[in-house]
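In what follows, a single structure is set out as C-alpha cells and then discussed.
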Amino acid sequence: MGLELKGRTAVVTGASRGIGKALASTAAALGMNLVIGARTKGPLEETAKELAERFNVRVLPVVCDVTKLSDLENLVASAKKEFTKIDVLINNAGVSSQYPFQDQPLEDIERLAYTNYLGYVRLIRLVIGDMIKDKSGAIINMVSGSTLCDPLPRNFIVYSSLKVGLKAFSKGLFWELRDHGIKVTSIMPGVTDTDLTGKLKEISNDTSRLMSTQAIEDAVRFALTVPANVCPLEISVINQRTPWTAPVIPFKQQHPGK
Ligand SMILES: NC(=O)c1ccc[n+]([C@@H]2O[C@H](COP(=O)([O-])OP(=O)(O)OC[C@H]3O[C@@H](n4cnc5c(N)ncnc54)[C@H](OP(=O)(O)O)[C@@H]3O)[C@@H](O)[C@H]2O)c1
C-alpha cells in the first residue's frame, strides 16, 4: 500500500468497540470502505451505522466469532461479495483474562488461544491468496505491549505468551510476504482505556496509566500511509506510566547484600 487508499476495502475484526472501532474509524477517515466483525450483532450494527454516516463510506457489518473457522470463511466471502477484494486486514479481535496460572481454567486457556492466536493466523491464511495475486495489500496485527516485558507480566502469562507467538509469526510473515508486495505490521499498544482493561483494578484506579486509543490510531495511520517501498515492521506505543513496562530492577532497589 502507500498509494491511494480511498475506495479500497479494509476488514477489521473486533470492531464494535475499543481499539478495533477506533482503527475502523481511522481506515474510514482515509476513505476506505469497511467490513467490520464482532460476535454481538446489536453494537456491531450500531458501529457500522455510525461510521458510515460519520465518514461517508460503505460499512458492512458481519457477525463473526474469530474462534470459528466457518465464521472467518463467511467474513472473507461476505467482504468479497460486497467489495470484490480485501486490500487491508486489521486483525484486532482479542480477549484477556488474569489468573495465577494454577487457577486458570482450561477452557479459558483454550478461548485465549483460539481468539488471540489461531483467529489471527487463520484469517490471514484466508485473505493472502488474493493479495498475492494482486501483489498488493497490508496486514496489521494487534499484538500487545505486554510482549515487551521479560519475564511476562504476572497473572497474564497465557495471554502474553500467545501475543509473543503472534508477534514472532507476524515478523516471519513480514519477510515472506514482502516478496509479494504485501506489508505486515505488528502494533504493540500499552494499557489502553477500553472495556478490556476496565477491570484491571491496579491500573484503572489511576486513569493516567491508561492511554486513549488515539496513539494507536496514529500508529496504524502511519503504517498505512508510508511510501509503497517502506513497511513499519513493529510499532510499540507505550504509556509512560504503564507499571508492567517499568524497569525490571527498580531504580532505587539496593543490592540484597548491602
Ligand atoms: N486495551 C488494551 O490495553 C490493550 C493493550 C494491548 C493489546 N490490546 C489488544 O487490542 C485488541 C482489542 O482490545 P480492546 O481493548 O479494544 O478490547 P475490547 O474493548 O474488549 O473490544 C474487543 C472487541 O473484540 C470483539 N471480540 C471479542 N472476542 C471476539 C471473537 N471471539 N470474535 C470476534 N470478535 C470478538 C468484541 O466484540 P464482541 O464481544 O461482540 O465479540 C469487541 O468488538 C485485542 O487483541 C487486545 O489483546 C489491548
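Quick notes
- The stretch between Glu82 and Val95 holds 1.9 nm of extra length on full extension. This uses 0.36 nm per residue minus the Cα-Cα distance.
- The Arg221 and Asp103 beta-carbon pair, evaluated with R₀ = 51 Å, returns a calculated FRET efficiency of approximately 0.80.
- Annotation note: trypsin sites (Lys or Arg not before Pro) in the stretch 1-87 located in DSSP loop regions with a Cβ neighbour count of at most 11 within 10 Å are Lys6.
- The stretch between Ser208 and Gln240 holds 10.6 nm of extra length on full extension. This uses 0.36 nm per residue minus the Cα-Cα distance.
- Of the residues Phe174, Gly37, Val57, the one whose Cα sits farthest toward the positive end of the charge dipole of the chain, with +1 on the Cβ of Lys and Arg and -1 on the Cβ of Asp and Glu, is Phe174.
- Measuring r between the beta carbons of Ala29 and Leu233 and using R0 = 22 Å, the FRET efficiency lands at 0.40.
- Rg over Rh [alpha-carbon atoms, Kirkwood Rh] for the stretch 9-239: 0.94
- Diffusion constant of the stretch 151-201 at 20 °C, which comes from Stokes-Einstein with the Kirkwood Cα-pair radius and 1.002 mPa s, µm²/s: 165 µm²/s
- Cα→Cβ-extended label distance, 7 Å offset, between Asp134 and His180, nm: 1.2 nm
- A compact globular protein would have a Cα radius of gyration near 2.2 N^0.38 Å; the ratio found for the stretch 115-215 is 1.24.
- Relative to one another, the C-alpha centroids of the stretch 74-88 and the stretch 116-154 are positioned 18 Å apart.
Laboratory data are not the source of any read-out in this text; all were calculated from the coordinates shown. Everything numeric here is computed off the predicted structure, so don't read it as measured data. Backbone-built Cβ (ideal geometry, glycine too); neighbour counts: all protein chains shown.
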